[in-house]
Amino acid sequence: QSFRLAYKEIGIECGGELVIHSMTDSVVVSSPGYPASPEHGDLVCDYIIRGPITSGLLLSFSNEQYSPCDKNNTFLEVYSGGTELSSLIDRFCMPTYRQDSVVINSHITLLRYVLKSRDFRSKFNATVRPDNCNREFFVR
């Protein structure tokens, strides 16, 4: 006996490395297909954002405010550093609810968007810009 298996690979563009070159620049990150909700679940998008070395970063959300969502289904992890081994600042439910911005005390951040199953509310849009406030310096 034999069987056949047919499958289709779905390519979804998301994530990547973005660089902010000066204090007056910014980058926009969003869920795939924004402003529409992503068409597929089981999705992980990693955005690594680098700003000027002398600054921290400010992440500002600009998506619609819905009622509270399911943090176990759709979330955005924000790290103070460029890898998942960096300090996790927080895991935010997507779309954000009563959360406007996040201060990142590093010039590099990893933003990890996770969507386990499709939901019409499971989208986000945010701007990342350099921020001089709350910058931590370590001297040895």
(request) Within region 75-83, identify whether any single residue is more than 13 Å from S31 (Cβ to Cβ), of a type in the set (S, T, N, Q) and either modelled with pLDDT of 85 or more or buried (at least 21 other Cβ atoms within 10 Å of the Cβ) (or both), and answer yes or no. (result) yes
(message) Quick check on L59: is it aliphatic (A, V, I, L, M) and in a strand (DSSP E or B)?
(response) yes
(request) Tally the residues that are open to solvent by less than 20 Å² (accessible area, probe 1.4 Å) and either modelled with pLDDT of 85 or more or among the acidic types (D, E) (or both), restricting the search to region 93-105. (result) 2
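The values are calculated or read from the model by the stated rules, or taken from the named source; none is laboratory data. Computed from a predicted model, the values in this text were never measured in an experiment. Glycine gets a Cβ as well: all are built from the backbone with ideal geometry, and neighbour counts include every protein chain shown. What goes into the accessible areas is simple: the full protein's heavy atoms, side chains included, and nothing from ligands, DNA or RNA. Shrake-Rupley method; radii C 1.70, N 1.55, O 1.52, S 1.80 Å.
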